[in-house]
Amino acid sequence: AQSVTQPDIHITVSEGASLELRCNYSYGATPYLFWYVQSPGQGLQLLLKYFSGDTLVQGIKGFEAEFKRSQSSFNLRKPSVHWSDAAEYFCAVGSSGNTGKLIFGQGTTLQVKP
Amino acid sequence: DGGITQSPKYLFRKEGQNVTLSCEQNLNHDAMYWYRQDPGQGLRLIYYSHIVNDFQKGDIAEGYSVSREKKESFPLTVTSAQKNPTAFYLCASKGQGAPEYGYTFGSGTRLTVV
């Protein structure tokens with residue numbers, strides 16, 4: 001069955017430090033992969049997506065992610081975290097078949113220390 | 001600007017009462033989705049619709065109902081049969097075709113049982 005795992009429920013980093021959020025997926029074919037960010041009480045905003053081609057994907061707000069097929073991973077990175085990056089982050093995979101649904105990981109809450 | 005509007009932002013339900021959450025989009029998207037979000041569980045699919053007058057159950061449809069009488073609207077009713085309805089509900093829509101055409105999320109409705 002298709003699934004997405006975000007191993008880290010909660011991460012705390014200092015402002016200005018680098019960030020890496022982990023995402024592992026289980027999927028039979030080439031996956032469609034997404035990272036979303038959610039501020040408290042808000043909807044989801046798309047940070048970046050991967051469908052094919054270059055395995056290093058650039059997104060908004062200075063985020064990037066690297067698709068590694070051999071490791072079934074799609075980790076999100078940012079070189080220098082800002083206090084405004086504090087939020088919850090979701091990794092998702094587009095499911096096979098014709099539902100068009102997204103399968104989400106459990107989410108990682110990012111806290112930024114001043 | 002095009003987007004998805006969910007209303008109300010906060011909703012309170014008494015035991016045994018049905019309530020309806022509104023979702024309207026002006027993106028001319030064919031597909032619409034309802035997700036439920038609980039802390040630590042990511043988002044789970046309740047119902048989806050790919051075309052007017054047709055909809056399908058998702059992974060956790062019990063205790064919910066939907067309708068799709070217009071392309072722009074996909075209301076969700078939380079019935080009294082839903083035993084644990086307190087959650088954050090997100091509506092999403094997607095253009096025709098594969099996932100790369102992109103999903104748009106509303107800002108959510110927080111439902112609380114009182």
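Assorted remarks:
Matching residues to (1) surrounded by 17 or more Cβ atoms within 10 Å (Cβ to Cβ); (2) touching a residue at least 24 places away in the same chain (Cβ under 8 Å); (3) not in a loop (DSSP other than H, G, I, E, B):
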site: A:Pro7; (1), (2), (3): no, no, no
site: A:Glu20; (1), (2), (3): no, yes, yes
site: A:Trp35; (1), (2), (3): yes, yes, yes
site: A:Leu46; (1), (2), (3): no, no, yes
site: A:Gly53; (1), (2), (3): no, no, no
site: A:Glu66; (1), (2), (3): no, no, yes
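- Residue pairs meeting the criteria (Cβ under 7 Å; at least 6 apart or on separate chains; first more than 7 Å from chain B (Cβ to nearest Cβ), in the range A:97-108; second of a type in the set (Gly, Ala, Ser) and open to solvent by less than 30 Å² (accessible area, probe 1.4 Å)): A:Ile103/A:Ala92; A:Ile103/A:Ser95
- Unique residue being surrounded by 14 or more Cβ atoms within 10 Å (Cβ to Cβ), more than 27 Å from B:Val114 (Cα to Cα), at pLDDT 95 or above and in contact with a Ser or Thr (Cβ under 8 Å, 6 or more places away or on another chain) when the list is B:Phe55, B:Phe74: B:Phe55
- Some residue of the range B:33-49 being farther than 20 Å from A:Gly107 by Cα and hydrophobic (A, V, I, L, M, F, W, C): no
- Per-region count, the range A:68-92, residues within 9 Å of the chain's Cα centre (by Cα) and part of a helix (DSSP H, G or I): 0
- Some residue of the range B:7-18 being polar (S, T, N, Q), within 23 Å of B:Gly95 (Cα to Cα), surrounded by fewer than 20 Cβ atoms within 10 Å (Cβ to Cβ) and within 11 Å of chain A (Cβ to nearest Cβ): no
- When the range A:34-54 is filtered for residues that are at pLDDT 90 or above and either under 9 Å from the mean Cα position of the chain (by Cα) or closer than 21 Å to A:Ser3 by Cβ (or both), the ones remaining, listed by number, are A:Phe34, A:Trp35, A:Tyr36, A:Val37, A:Gln38, A:Leu44, A:Leu46, A:Leu47, A:Leu48, A:Lys49, A:Tyr50.
- Residues satisfying the stated conditions in the range B:10-42, i.e. under 23 Å from A:Val37 (Cα atoms) and part of a loop (DSSP other than H, G, I, E, B): B:Asn26, B:Leu27, B:His29, B:Asp38, B:Pro39, B:Gly40, B:Gln41, B:Gly42
- Breaking point among (1) more than 27 Å from A:Gln6 (Cβ to Cβ); (2) open to solvent by less than 60 Å² (accessible area, probe 1.4 Å), for B:Trp34: (1)
- Residues located in the range B:57-104, provided they are within 14 Å of chain A (Cβ to nearest Cβ) and in contact with a Cys (Cβ under 7 Å, 6 or more places away or on another chain): B:Phe74, B:Cys91
The values are calculated or read from the model by the stated rules, or taken from the named source; none is laboratory data. This one's a predicted model, so the numbers in the text were calculated from it and none came from an experiment. Cβ: placed from backbone, ideal geometry, glycine included. Neighbour counts: every protein chain shown. Accessible surface is based on the protein model in full, side chains and every heavy atom, while ligands, DNA and RNA are left aside. Shrake-Rupley method; radii C 1.70, N 1.55, O 1.52, S 1.80 Å.
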